[in-house]
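The values are calculated or read from the model by the stated rules, or taken from the named source; none is laboratory data. For clarity, every value in this text was computed on a predicted model and none was experimentally measured. Cβ atoms come from the backbone with ideal geometry, glycine included; neighbour counts cover every protein chain shown.
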Amino acid sequence: MESSTLRIGIVGAGANTRAKHLPLLQRISGVKVVMVANRSTASAQMVAKEFGIPGVARHWREVVAAPDVDAVVIGAWPNLHAEATCAALANGKHVLTEARMAAHLAHAETMFAAAKGHPSLVAQIVPAPMSLDFDAAIVERLPSLGVLREVCVVHTGSQYADAAVPLGWRQRFDLSGVNTLTLGINYEMVLRWLGEDPVWVQTDAAVFTARRRREEGGLGQVEIPESVSVLGRYGQGTRLIMHFSGVEPGQPRHEIRLNGESGALRLDLAAQKLWHAPVGGAETEVVPAPGQRRGWRVEEDFVASIREGAPVRLTDFATGVRYMRMTDAVWRSWSDGGVRIAL
């Protein structure tokens, strides 16, 4: 293999890794995926066969320690992100880890410290992708709204409405940690636009089906809320209102509204449309300029940062720690009976 070839190892070939990371990495000239580890050797072998990967590891530690691996893509559940990231960095490997950054804030902070201890290595998190075509247009138009009064985020669906739905990894604290529904991924988008965190948050949440059937048999405890509402306040007085639900049987909703004294922006994430309305006026669609539409470039960005030293923007570990701090505060508020938590 030529020394100019960038050799990638895979730790955890989840759905996004198979749909995005693997095929898109393999399209980049001079990039070769050389090894994969998954939850079982058998599943790793199936992935290797599907994508033409020459090496199958029996354990993820073989990937991060392999001398013929230059960079590691971590597509495992959040509970493994910190350990695998720190091990990869310690072995001199660049890291792209799937979001959410980690299962817990302390784990995210450990990852950030490890990345700072290896400044020559690229450390990147897969970004929240839903707003990538609209981020630049939103930031450009924010000043036209005047003083921002409200940030309203709603994302609902019916994935947990049926009590017969089996227990998934997103409902297990041992696998997902404090990550709750789509709180983190939506907050990451808002953080891109505003660039600041709220001063405090307060939470109410609920689990409606306490126990669900495990795939391996028996019943398991549902440990992560199926519905959560968050109130917060930014330093200049802007209100934060967020509602996430997996138990809404009707039409799913996903939108973020920025309400200012002079107008409003509404990003309909389900329809992938951005709307602006002046005070007292009708909504008109905002069509981002072609140069503002960024789209999915995660794998290209990762390789460019390694080869060219391009700075990591979407998403760096510092930002990951910020959204994990928010996620942790929401969890602590709920766990403590809805108390106000300072960020």
Determine whether GLU261 is assigned by TED's automatic domain parsing to the domain that holds PHE173, touching a residue at least 12 places away in the same chain (Cβ under 8 Å) and under 28 Å from TYR160 (Cα atoms). no
VAL34 - would you say it is in contact with a Pro (Cβ under 9 Å, 6 or more places away or on another chain), within 15 Å of ASP70 (Cβ to Cβ) and either among the hydrophobic types (A, V, I, L, M, F, W, C) or surrounded by 11 or more Cβ atoms within 10 Å (Cβ to Cβ) (or both)? yes
Only one of (1) outside the structural domain of PRO143 (by TED's automatic domain parsing); (2) surrounded by fewer than 19 Cβ atoms within 10 Å (Cβ to Cβ); (3) of a type in the set (Phe, Trp, Tyr) fails for TRP275. Which number is that? (1)
Of everything in region 152-194 that's basic (Lys, Arg) and touching an Asp or Glu at 6+ places or on another chain (Cβ under 8 Å), which residue is surrounded by the most Cβ atoms within 10 Å (Cβ to Cβ)? ARG192
Within the bounds of region 140-162, is there any residue that is free of Cβ contacts under 8 Å to residues at least 60 places away in the same chain, in the same structural domain as ARG257 (by TED's automatic domain parsing) and among the hydrophobic types (A, V, I, L, M, F, W, C)? no
Report, by residue number, each residue of region 105-151 that is assigned to a helix (DSSP H, G or I), surrounded by fewer than 19 Cβ atoms within 10 Å (Cβ to Cβ) and small (Gly, Ala, Ser). ALA106, ALA113, ALA136, SER144
Considering only residues that are within 25 Å of SER120 (Cβ to Cβ) and crowded, with 18+ Cβ neighbours inside 10 Å, which ones fall in region 58-77? TRP60, VAL63, VAL64, ALA66, VAL69, ASP70, ALA71, VAL72, VAL73, ILE74, GLY75, ALA76
May I ask you to list the residues in region 292-315 that are acidic (Asp, Glu) and surrounded by fewer than 19 Cβ atoms within 10 Å (Cβ to Cβ)? GLU300, GLU308
Could you please find all residues in region 104-133 being under 30 Å from ALA271 (Cα atoms) and in contact with a helix residue (DSSP H, G or I) (Cβ under 6 Å, 6 or more places away or on another chain)? GLN124, ILE125, VAL126, ALA128, SER131
Top-ranked residue in region 89-123 [being under 20 Å from the mean Cα position of the chain (by Cα) and free of Cβ contacts under 8 Å to residues at least 40 places away in the same chain; ranked as nearest to VAL33 (Cα to Cα)]: VAL95
Tell me, please, whether a residue that is surrounded by fewer than 17 Cβ atoms within 10 Å (Cβ to Cβ), touching a residue at least 12 places away in the same chain (Cβ under 8 Å) and of a type in the set (Gly, Ala, Ser) can be found in region 203-215. yes
What number goes with the only condition from (1) of a type in the set (Gly, Ala, Ser); (2) within 30 Å of ALA71 (Cα to Cα); (3) surrounded by fewer than 13 Cβ atoms within 10 Å (Cβ to Cβ) that ALA289 does not pass? (2)
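What is the residue count in region 118-136 for residues that are touching a Pro at 6+ places or on another chain (Cβ under 8 Å) and more than 14 Å from LYS273 (Cα to Cα)?
0
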How many residues of region 149-197 are aliphatic (A, V, I, L, M) and more than 18 Å from the chain's Cα centre (by Cα)? The answer is 6
